[in-house]
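A.B. asks: So that we are looking at the same thing, I have put the structure below in structure tokens.
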Amino acid sequence: MRRSRYAAFMSSLLLALGLALTGAAAAQASPLAAATGYVALGDSYSSGVGSGSYISSSGDCDRSTKAYPYLWQAAHAPASFSFLACSGAKTTDVLNNQLGTLSASTGLVSITIGGNDAGFSDVMTTCVLQSDSACLSRIATAKAYVDSTLPGRLDTVYSAIRAKAPSAHVVVLGYPRFYQLGTTCLGLSGTKRSAINGAADYIDAAIAKRAADHGFTFGDVRTTFSGHEICSGDSWLHSVDWLNIGQSYHPTAAGQSGGYLPVLTGAA
């Protein structure tokens with residue numbers, strides 16, 4: 001009996017020590033262990049347009065307490081949190097208005113950017129209001145921009161982030177596919193929906209490549225949004241909303257917490 005109790009005690013002790021050491025190793029391996037600050041940059045997908053609960057002081061930037069950066073800081077309590085993402089932001093807006101709080105003590109940076117540069121809003125307006133051929137033509141124009149101009153603009157932003165926050169772990173998050181295909185769905189034609197999804201893949205591929213070339217982590221949200229696209233029956237994205245046009249094709253609160261937050265958490 002004594003030997004049995006002693007063996008059980010030693011097993012418990014060794015297990016506890018093992019868990020403690022594993023936890024210590026995980027903490028040491030985490031790039032956030034030494035982080036003293038988190039800075040959230042980017043456009044409306046990072047500010048939280050479409051998720052409600054907007055912070056009044058953010059004005060037209062529409063920063064939400066349900067946006068993934070706000071949710072992440074609430075869960076992890078970084079030493080400081082700077083929420084600068086802004087609705088409608090392009091790469092030039094990030095450069096001119098969002099880099100002020102980056103420093104050598106910044107441990108984590110997250111960003112979504114590039115969609116507005118490529119004319120996302122105009123693409124969706126064209127595809128909703130005009131013909132299939134007009135939609136495909138506008139998407140082709142956007143893809144040409146992604147090929148010719150966007151990489152250089154992303155390089156400029158990413159280089160500026162690294163220069164101002166040399167020690168930061170930078171997570172560049174992409175954009176979701178918007179439509180579930182192969183289902184009966186009122187609204188846009190199958191041709192338009194397929195082309196819009198293809199455009200999302202196209203810009204994500206360009207963003208991922210530029211992020212990798214700068215040593216940044218790309219967070220692919222297409223996986224978490226899979227099964228929750230528009231037409232899925234459980235959409236985490238707003239379809240066109242004529243009463244609040246600005247939130248059209250943006251993540252809902254569930255899209256921020258279930259689509260974007262897990263990707264940042266896993267990448268950080």
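A.B. asks: Considering Tyr260, Tyr202, which residue is among the hydroxyl-bearing types (Ser, Thr, Tyr) and closer than 18 Å to Ser47 by Cα?
C.D. replies: The unique qualifying residue is Tyr260.
A.B. asks: Condition (residue is surrounded by 15 or more Cβ atoms within 10 Å (Cβ to Cβ), of a type outside the set (Val, Ile, Thr) and within 24 Å of Trp236 (Cβ to Cβ)) applied to the range 91-104: is it met by at least one residue?
C.D. replies: For the range 91-104, residues surrounded by 15 or more Cβ atoms within 10 Å (Cβ to Cβ), of a type outside the set (Val, Ile, Thr) and within 24 Å of Trp236 (Cβ to Cβ): absent.
A.B. asks: What residue, among those in the range 161-185 that are touching a strand residue (DSSP E or B) at 6+ places or on another chain (Cβ under 8 Å) and in a loop (DSSP other than H, G, I, E, B), is surrounded by the fewest Cβ atoms within 10 Å (Cβ to Cβ)?
C.D. replies: By that ranking, first place goes to Cys185.
A.B. asks: What's the number of the condition Leu188 fails, among (1) more than 21 Å from the chain's Cα centre (by Cα); (2) surrounded by 21 or more Cβ atoms within 10 Å (Cβ to Cβ); (3) in a helix (DSSP H, G or I)?
C.D. replies: (3)
A.B. asks: Let me ask you something else. Go through Ala206, Ala211 for me and flag whichever is farther than 23 Å from Asp62 by Cα, of a type in the set (A, V, I, L, M) and in contact with a strand residue (DSSP E or B) (Cβ under 6 Å, 6 or more places away or on another chain).
C.D. replies: Ala211
A.B. asks: Can you find a residue in the range 51-63 that is of a type in the set (Gly, Ala, Ser), surrounded by 15 or more Cβ atoms within 10 Å (Cβ to Cβ) and under 21 Å from Asp220 (Cβ atoms)?
C.D. replies: Checked the range 51-63: at least one residue is of a type in the set (Gly, Ala, Ser), surrounded by 15 or more Cβ atoms within 10 Å (Cβ to Cβ) and under 21 Å from Asp220 (Cβ atoms).
A.B. asks: Please identify the pairs in which a residue from the range 230-253 that is in contact (Cβ under 8 Å) with a residue 40 or more places away in the chain has its Cβ atom under 7 Å from the Cβ atom of a residue that is acidic (Asp, Glu) and surrounded by fewer than 19 Cβ atoms within 10 Å (Cβ to Cβ), counting only partners at least 6 apart or on another chain.
C.D. replies: If the second residue must be acidic (Asp, Glu) and surrounded by fewer than 19 Cβ atoms within 10 Å (Cβ to Cβ), the pairs left are Gln247/Asp241; Ser248/Asp241.
A.B. asks: Collect the residues in the range 221-233 that are among the charged types (D, E, K, R) and outside any loop (DSSP other than H, G, I, E, B), keeping them in residue-number order.
C.D. replies: Answer for the range 221-233, where residues must be among the charged types (D, E, K, R) and outside any loop (DSSP other than H, G, I, E, B): just Arg222.
A.B. asks: Restricting to the range 75-124, what's the tally of residues that are in a helix (DSSP H, G or I) and under 22 Å from Ala200 (Cα atoms)?
C.D. replies: Residues in the range 75-124 being in a helix (DSSP H, G or I) and under 22 Å from Ala200 (Cα atoms): 9 in total.
To keep it simple, each residue is scored yes or no on (1) outside any helix (DSSP H, G or I); (2) modelled with pLDDT under 95; (3) surrounded by 15 or more Cβ atoms within 10 Å (Cβ to Cβ).
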| site | (1), (2), (3) |
| --- | --- |
| Ser159 | no, no, no |
| Gly215 | yes, no, no |
| Ser235 | yes, no, yes |
| Trp242 | yes, yes, no |
| Gly246 | no, yes, yes |
| Tyr249 | yes, no, yes |
| Thr265 | no, no, yes |
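A.B. asks: Further question: Could you grab the pairs with beta carbons closer than 9 Å, sequence gap of 6+ or different chains, first residue in the range 47-74 and part of a loop (DSSP other than H, G, I, E, B), second one among the acidic types (Asp, Glu) and at pLDDT below 95?
C.D. replies: Listed by first residue and then by second, the contacts come to Gly50/Asp241.
A.B. asks: Residue check, Thr141 against (1) over 24 Å from Thr223 (Cα atoms); (2) in a loop (DSSP other than H, G, I, E, B), all met but one. Which one?
C.D. replies: Single failed check for Thr141: (2).
A.B. asks: In addition: How many residues, within the range 224-243, are polar (S, T, N, Q) and touching a His at 6+ places or on another chain (Cβ under 8 Å)?
C.D. replies: 1
A.B. asks: Follow-up. So which of Thr112, Thr126, Thr106 is within 25 Å of Asn244 (Cβ to Cβ) and touching a strand residue (DSSP E or B) at 6+ places or on another chain (Cβ under 6 Å)?
C.D. replies: So the residue among Thr112, Thr126, Thr106 that is within 25 Å of Asn244 (Cβ to Cβ) and touching a strand residue (DSSP E or B) at 6+ places or on another chain (Cβ under 6 Å) is Thr112.
A.B. asks: For the range 107-119, which positions are in contact with a helix residue (DSSP H, G or I) (Cβ under 9 Å, 6 or more places away or on another chain) and either under 18 Å from Ala211 (Cα atoms) or at pLDDT below 95 (or both)?
C.D. replies: Answer for the range 107-119, where residues must be in contact with a helix residue (DSSP H, G or I) (Cβ under 9 Å, 6 or more places away or on another chain) and either under 18 Å from Ala211 (Cα atoms) or at pLDDT below 95 (or both): Leu108, Val109, Ser110, Ile111, Thr112, Ile113, Gly114, Gly115, Asn116, Asp117, Ala118.
The values are calculated or read from the model by the stated rules, or taken from the named source; none is laboratory data. Note that the structure is a prediction, hence the values are computed from the model and not measured. Ideal geometry is used to build each Cβ from the backbone, glycine not excepted, and the neighbour counts take in all protein chains shown.
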